[in-house]
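Here's the structure, in structure tokens; my notes come after.
Every read-out reported here was derived from the displayed coordinates using simple, explicitly stated rules and does not represent laboratory data. The model shown is predicted, which means the values in this text are computed figures rather than measured ones. In this analysis, Cβ positions are derived from the backbone assuming ideal geometry, glycine residues included, and neighbour counts consider all displayed protein chains.
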Ligand SMILES: [Mg+2]
């Protein structure tokens, strides 16, 4: 099955396409192109002929995340670093992970020291793995859609990343509050036929309960003193009046992160995307500009802990520029343009 799928990545089912490429391949050979160049050119031509988005470009990343011991080791290592940082933070009342919380004077330092300690964890690819969904996209060559994503979320079947649950249990034993801050949608389309097949639908339903159920099933929740509803903060959450709180509809997590800063000393932030830690300045063309990583140098690996995610994330949006839909060919070409080759 795997072999079959892997083959279809390079060889479309329409063999006429391949036959049509044969003269080009022969010309490339005659021109002395090496095997790598030949394969790459053929792939580009095949994707060009297909002329549509293909999730197959994520095959390598998905396989690495779902099968490699290296990914597992990185996750275990990140959570071990987190545990040591947490110990250090609890010993240091001036320690905070939020730049906005850094005290400017001794009065502010006293206020900060009095706040209970809390940590902010992203959900997907930080505490829970969405790899079965990512694998489904790749295997069935499907584009990401909110409807299929919400169907996955509604199963509450995601499993924890290695080391995540043990770390959260450790933090809870230390009396540290844990907040799960995710760009999963609070409301969204969820539509299924009676046979379980997903169909496009516009019905907007409340989705937060599925994430809470998933976290409860695994033991990430409940926690004492904070309700499950308050422990999980999603995109587009409505307040008591039924209105989305200012800034909470955005995938930029700043407003939601800062909402915790008046009640807690945020000692640690963990995520798999820069957006989990800091906002990206907007570029005039509508895309995101780069973040000045050096400005936050002292935080990485201490109060800000990043996990890897080569499948998706805001890094891709920055690479492609403004977030318009691109074909696989365009994406491959943009990625190739950005590579700095040695010759
Ligand atoms: Mg994430």
> Can you pull the three principal axis extents for the Cα set of region 73-181, in Å, largest first?
Replying inline: 58, 26, 21
> Which order results if 300, 136 are arranged by neighbouring Cβ count within 10 Å, fewest first?
Replying inline: 300, 136
>> Taking 0.36 nm per residue of sequence separation and subtracting the Cα-Cα distance, how much length would be gained by fully extending the chain between residue 170 and residue 66, in nm to one decimal?
In response: 34.9 nm
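How much FRET efficiency would the formula 1/(1 + (r/R0)^6) give for residue 76 and residue 241, where r is the Cβ-Cβ distance and R0 is 41 Å, rounded to 0.05?
Given R0 = 41 Å and the Cβ-Cβ separation, E is 0.40.
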> Looking only at region 226-256, which residues have a backbone nitrogen under 16 Å from a spot 7 Å from the Cα of residue 262 in the C-beta direction?
Replying inline: 239-241, 245-248, 255-256
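Could you work out the percent of alpha carbon pairs in region 80-131 separated by over 14 Å, rounded to a whole number? Numbers along the way, then the final one.
Details: 806 of 1326 pairs.
Of all Cα-Cα distances in region 80-131, 61 percent exceed 14 Å.
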> For 252, 141, 294, 92, what ranking results if the residue with the fewest other Cβ atoms within 10 Å of its Cβ goes first?
Replying inline: 294, 92, 141, 252
> Could you state the per residue volume, in Å³, of the convex hull enclosing the Cα atoms of region 53-338?
Replying inline: 152 Å³
